[in-house]
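A short write-up of the structure that comes next.
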Amino acid sequence: MGEPNKPAVVVALARGATAEQAAREGGVSGRTVRRWMEEDHDFAVAVQDARTELLSATVQHLAMGAAESVATLRQLLQHKDGRVQVQAARTMLDSYLAMYEMHDLDRRIKELENAERGEDW
């Protein structure tokens, strides 16, 4: 199979590849990749860290486009086609409600954590 390339396997797994797909990229067998994930704590941590980095980069890219996306939706609220207006309004409201719920949940979790530590909010 060639020289094992663990970093290539880590990156492939972090991107969502199956063990077999990652194995091909790393020059090992799928069984080896599964064994590394189960038995090599440092390898499993490296995969998780790589996933976290990829997620962080993705969130950063999304955040960079968020303001522009909202501006586009706001423009579409004035579109001549009423169906486009409705869809833009629905998208904005759905997004707002989802963000509100996440913010509220985060606040409630912090309250519980503070209460558990005996701190005031």
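The values are calculated or read from the model by the stated rules, or taken from the named source; none is laboratory data. None of these values were measured; they are calculated from a predicted model. When we count neighbours, we look across all protein chains shown, and the Cβ atoms used for this are built from the backbone with ideal geometry, even at glycine. The accessibility values were calculated without ligands, DNA or RNA, using every heavy atom of the protein model including side chains. Shrake-Rupley method; radii C 1.70, N 1.55, O 1.52, S 1.80 Å.
Considering the range 47-59, and only residues there that are in contact with a helix residue (DSSP H, G or I) (Cβ under 8 Å, 6 or more places away or on another chain) and among the charged types (D, E, K, R), the residue that is most open to solvent (accessible area, probe 1.4 Å) turns out to be E53. Screening the candidates A67, A23, A44 for the property of being assigned to a helix (DSSP H, G or I) and exposed (fewer than 10 other Cβ atoms within 10 Å of the Cβ) yields one hit, A67.
With the requirement that a residue be within 20 Å of A63 (Cβ to Cβ) and not aliphatic (A, V, I, L, M), what does the range 76-101 give you?
Hits for the range 76-101 are T91, D94, S95, Y96, Y100, E101.
So is L62 surrounded by fewer than 15 Cβ atoms within 10 Å (Cβ to Cβ) and touching a helix residue (DSSP H, G or I) at 6+ places or on another chain (Cβ under 7 Å) or not? Judged against the criteria, L62 is not a match.
Restricting the first member to the range 76-98 and to residues that are under 16 Å from A66 (Cβ atoms), and the second to residues that are in a helix (DSSP H, G or I) and modelled with pLDDT under 95, no beta-carbon pair is closer than 7 Å while six or more apart or on different chains.
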